[in-house]
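Encoded as structure tokens, the structure appears first; notes follow it.
Here, each number is a calculation from the coordinates, and none is a lab measurement. Treat the numbers as computed from the prediction; the structure is a model and nothing was measured. Virtual Cβ from ideal backbone geometry, glycine too; neighbours counted across all protein chains shown.
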Amino acid sequence: MIKIRNATFRQLQVFESIARNGSYTAAAEELHLTQPTLSMQVKKLTTIVGMPLFEQIGKRISLTAVGEELLKTCRSVFENLDEFQMTISDIKGVKEGVLRISGVTTAEYFAPRILGDFCKKYPGINIALEVTNRRNVLERLEQNLDDIYIVGQEPTSRGIHTIPFLTNPLVILASPSHPLANQKNIPVVALAKDNFIMREPGCGTFLTMDRMVKGRDVSFRSSMALGSNEAIKQAVIGELGISMLSIYALVHEINSGELVVLDVEGFPVKDEWYLCYPEGKQLSVVAKVFAEYMLHEGRELTLSSLPPSWKENGYR
């Protein structure tokens, strides 16, 4: 009887890469191997396991039930090896390793600046940042694909550890030519007459807006739903309506005069940014260093990007 212990580390690497990428071609490019070599490694690993690991229908590759279990094992093995390497580096007094972060789209406005400073402080740490929508971030969190996650709304699912690290002020934005642009203390009901450009259902700002109007005698006329902050900003600049976004997404456009923040009663709405990871997960040495950094230097660095007048007006 052939034992799984006879599988080579390279075979497990090949299997994990194919499973993660869903493609032999992508895995071959990632591992710098030829596709025939990959196929041979998978064939040998399948023989060792004694059952098929993949099934292919047309061009689509999917895992069998056995393949799913082996993938969990591979990820656990690789994670433990990474942690061992980081621990050794930590014992030596050198912070080294790979940090995998997944964050919602608005994080792209502050995360790169924080990571740039973080990498200068810890040059031995390599960063892999995945920026995507909230739904994908939560799916990655559920599958434990990354070390740490950045979201703008606290996840409601059980089994997730959350750490608030930064206030996320949400504001109403409009073009400078908007009739309400120079008015003060605008009642929320006045916005109901406008075309409101929304993010897609399920994203953080959508959830906040939904929470705001629930139980109130006010509703917003949604004119369109767009899938990115950049698309929303361009639509508002083009005078297609108003919207609500994080102040961190608007620094450039407000400084350049392309957009204005409306002075609406009850705004800014102060949400929070959260660092998240699965409950019970043991953070790697590098992830612990990053979390500690985010709560102190990272937070202050992000706040410093806001003009002083904004901070005085309650945007921090």
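Each of Ser76, Pro164, Leu245 was placed along the dipole of the chain (beta-carbon charges, centred on the mean Cα), and the one lying farthest toward the positive end is Ser76. Using C-alpha pairs below 8 Å separated by at least 6 residues, the relative contact order for the chain is 20 percent.
Sorting the segments 58-65, 129-136, 266-273 by their residues' average number of neighbouring beta-carbon atoms within 10 angstrom, most packed first, yields 266-273, 129-136, 58-65. Working from Cα positions, state the angle (0 to 90°, nearest 10) between the long axis of helix 35-49 and the longest principal axis of the chain. Roughly 70 degrees between the two axes. Pairs from the list Lys95/Lys288; Lys121/Lys233; Lys121/Lys270; Lys44/Lys281 with a Cα-Cα gap above 22 Å: Lys121/Lys233; Lys121/Lys270; Lys44/Lys281.
For segment 4-73, the calculated P(r), taken from all Cα-Cα distances in 5 Å bins from zero up to the bin holding the longest distance, is 3, 18, 32, 29, 15, 3, 0 percent.
For the chain, the longest principal axis of the Cα atoms and the long axis of helix 65-91 meet at an angle of about 80 degrees.
Sort segment 78-166 into rounded, prolate or oblate with this rule: let a ≥ b ≥ c be the square roots of the eigenvalues of the Cα gyration tensor; rounded if a/c is under 1.5, and if a/c is not under 1.5, prolate when a/b is larger than b/c, oblate otherwise. Verdict is oblate for segment 78-166. If you take all other residues with their beta carbon under 12 Å from the beta carbon of Ile186, and give Lys and Arg +1 and Asp and Glu -1, the sum is -1. In order along segment 281-289, the phi-based Karplus estimate (6.51 cos²θ - 1.76 cosθ + 1.60, θ = phi - 60°) of 3J(HN,Hα) comes to 5, 8, 5, 5, 4, 5, 5, 5, 4 Hz; Gly and Pro are listed as x. The mean of 1/r over all pairs of different alpha-carbon atoms in the chain, once inverted, gives a Kirkwood hydrodynamic radius of 22.3 Å. Mean residue ellipticity, 222 nm, helices only, the chain: the sum of -39500 (n - 2.57) across DSSP H runs of n ≥ 4, divided by residue count and rounded to 500, is -12000 deg cm²/dmol. Which one of Glu83, Glu68, Glu258 has the biggest mean-square fluctuation once the chain is modelled by GNM with Cα springs under 10 Å? Comparing Glu83, Glu68, Glu258 in a Gaussian network model of the chain, the most mobile one is Glu68.
Using the crude model of +1 on Lys and Arg Cβ and -1 on Asp and Glu Cβ, and no other charge, please compute the dipole size for the chain relative to its Cα centre, in debye to 20. The dipole magnitude comes to about 620 debye.
Model label sites at Glu108 and Gln56, defined 7 Å from Cα along the beta-carbon direction, differ in position by 3.4 nm.
Taking the charge dipole of the chain about its Cα centre, with +1 at Lys and Arg Cβ atoms and -1 at Asp and Glu Cβ atoms, the residue from Val264, Ser102, Tyr24 reaching farthest to the positive side is Tyr24. Between segment 226-249 and segment 1-36, what's the alpha-carbon centroid distance in Å? Cα centroid to Cα centroid, the span is 43 Å. Summarised as an ellipsoid, segment 1-127 has semi-axes of 33, 20, 13 Å, derived from the eigenvalues of the Cα gyration tensor scaled by 5 and square-rooted, with the largest first.
Relative to the longest principal axis of the Cα atoms of the chain, helix 111-121 runs at roughly 60 degrees.
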